[in-house]
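See below for the structure under consideration.
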Amino acid sequence: MMPDPAHKQPGGGNRPVRPAALPSEKKVTTWDQMIPPPPITSSLILPQVTDAELQRYADLVYRKTGIRISPQKKTLLSNRLRRRLRETGIASYSEYYDYLTRLPPRHPEWDAFLQEITTHETYLFRDELQWQWFRKKFLAEMASRQRGPAKTLRIWSAACSTGDEAFTAACCIAAELPDLAKWRITILGTDIGVGAVEQARTATFGERAMRLVPDDLKRRFFEKLPNAEVWRAKPILTKMTTFRQHNLMEPLPERPFDLIFLKNVLIYFDMGSKKVVLNNVLKLLQPGGYLVVGAAEGVGDLLSGMTRLQPWLYQKPQESGTRAVAADVSQSRQTFRASLDLKR
Ligand SMILES: C[S@@+](CC[C@H](N)C(=O)[O-])C[C@H]1O[C@@H](n2cnc3c(N)ncnc32)[C@H](O)[C@@H]1O
């Protein structure tokens, strides 16, 4: 999974957000004790990994994340790795591989490596049709489902990157639920990238990430930071959101959610990894709950137990057989758009 350099990367590029330990260091106990690596010039580093190195790294990334790196990504992988080599002061791809794979799994260099290797492209209100559904159908259905005084809504943005999806959900909820104070809303964002999660916690977004946010919502729920082209979500939104590092290849210890976003991540996975992820994710979906996927995720065949409402929208069957109200399965995409009163 290689990045488009034009796209937003947390921390500026795929730069690591923390210092890394030197390979020669025997013992590192705290961040403060880590010695910044000596600068080495990139001219000392070969421009590309060899085919054998590519294979070793591809296997490593696959084992760690489920992501498949194809041979065509050789240049991009090399570019990404060179940044880690420079940061750690290591002069060759093989030495860095040996260094990395000898580190304990919780060592910060693993975080920096994964942050560098993965693509974090995201922005608010990505895929407009999905957010129209969320605002006009899903929230109304959730409101009608509530029994009793305590109203709850639980949403998981899985592979949330810098939090743009989670804050879009929060923004729509704040705009659409008139009795917001009576709700207990949880929007959990998780991502394998530590830098991405740290960025999400700042609740700040650049102009590019904000470009699709409707003006009225921007004014109501975000504030522009002085002297910066950066917008910060207001407390009404940050109160609903929490962010945590998590690898989708592992189960997430959480209570079930009413809605799970799993977008633009499985495109990079092979069938085996997709199955593992979907197995972990679907266990955490309430009966009657919804799964929103990216249009190119390639998971249709793996979701046969779910009701397909749209190419990007699936519902877990209700135990009690309650009728789905979000959309009629028989509706064509066109009718569905019309039912939301969307502009073409
Ligand atoms: C392209 S972004 C998608 C962000 C957002 N869901 C969206 O659609 O705008 C993909 C994210 O998936 C994350 N990711 C990749 N492999 C992962 C894994 N095994 N577990 C959790 N997150 C992963 C990456 O760190 C990256 O932030």
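The values are calculated or read from the model by the stated rules, or taken from the named source; none is laboratory data. A quick note: this is a predicted structure, and the numbers were derived from the prediction, not measured. A quick note on method: Cβ atoms are made from the backbone with ideal geometry, for glycine too, and the neighbour counts reach across all protein chains shown.
Any chance you could count how many residues in region 235-279 are buried (at least 16 other Cβ atoms within 10 Å of the Cβ), assigned to a loop (DSSP other than H, G, I, E, B) and more than 11 Å from the ligand (Cβ to nearest atom)?
Here the count works out to 1.
Under 8 Å between Cβ atoms, which residue pairs at least 6 apart in sequence (or on different chains) link something in region 172-188 that is under 13 Å from Thr238 (Cβ atoms) with a partner that is crowded, with 17+ Cβ neighbours inside 10 Å and polar (S, T, N, Q)?
Ile187/Ser157; Ile187/Thr241
In region 161-220, how many residues are surrounded by 24 or more Cβ atoms within 10 Å (Cβ to Cβ), touching a strand residue (DSSP E or B) at 6+ places or on another chain (Cβ under 7 Å) and of a type in the set (Ser, Thr, Tyr)?
1
Of the conditions (1) modelled with pLDDT of 95 or more; (2) over 24 Å from the mean Cα position of the chain (by Cα); (3) not charged (D, E, K, R), Gly148 satisfies every one except a single condition; which number is it?
Unmet condition: (1).
Taking into account only those residues within region 193-234 that are modelled with pLDDT of 95 or more and assigned to a loop (DSSP other than H, G, I, E, B), which is farthest from Cys171 (Cα to Cα)?
Arg211
Looking at the structure I just gave you, is Lys74 of a type outside the set (Ser, Thr, Tyr), in contact with an Asp or Glu (Cβ under 9 Å, 6 or more places away or on another chain) and away from the ligand (no atom under 16 Å from the Cβ)?
Criteria met by Lys74.
Ala327 versus (1) touching a helix residue (DSSP H, G or I) at 6+ places or on another chain (Cβ under 7 Å); (2) under 24 Å from Leu129 (Cβ atoms); (3) modelled with pLDDT of 95 or more: which is the lone unmet condition?
Checking Ala327 against (1) touching a helix residue (DSSP H, G or I) at 6+ places or on another chain (Cβ under 7 Å); (2) under 24 Å from Leu129 (Cβ atoms); (3) modelled with pLDDT of 95 or more, the one that fails is (3).
In this structure, does Pro47 turn out to be at pLDDT below 55, assigned to a loop (DSSP other than H, G, I, E, B) and in the same structural domain as Pro108 (by TED's automatic domain parsing)?
no
Does region 187-198 include one or more residues that are more than 16 Å from the ligand (Cβ to nearest atom) and closer than 27 Å to Ser144 by Cβ?
No: region 187-198 contains no residue that is more than 16 Å from the ligand (Cβ to nearest atom) and closer than 27 Å to Ser144 by Cβ.
Tell me yes or no: at least one residue of region 151-159 is buried (at least 24 other Cβ atoms within 10 Å of the Cβ) and not hydrophobic (A, V, I, L, M, F, W, C).
yes
Please find, within region 74-107, the residue that is nearest to Gly272 (Cα to Cα) out of those that are among the basic types (Lys, Arg) and surrounded by 16 or more Cβ atoms within 10 Å (Cβ to Cβ).
Among residues in region 74-107 that are among the basic types (Lys, Arg) and surrounded by 16 or more Cβ atoms within 10 Å (Cβ to Cβ), the one nearest to Gly272 (Cα to Cα) is Lys74.
Does any residue of region 297-312 turn out to be of a type outside the set (Phe, Trp, Tyr), within 17 Å of Ser161 (Cβ to Cβ) and surrounded by 16 or more Cβ atoms within 10 Å (Cβ to Cβ)? Let's see the steps before the verdict.
Here is the first cut: in region 297-312, the ones of a type outside the set (Phe, Trp, Tyr) are 297-311.
Then keep just the ones that are within 17 Å of Ser161 (Cβ to Cβ); that gives 297.
Restricting the remaining residues to those that are surrounded by 16 or more Cβ atoms within 10 Å (Cβ to Cβ) gives 297.
Yes, the conditions are met somewhere in region 297-312.
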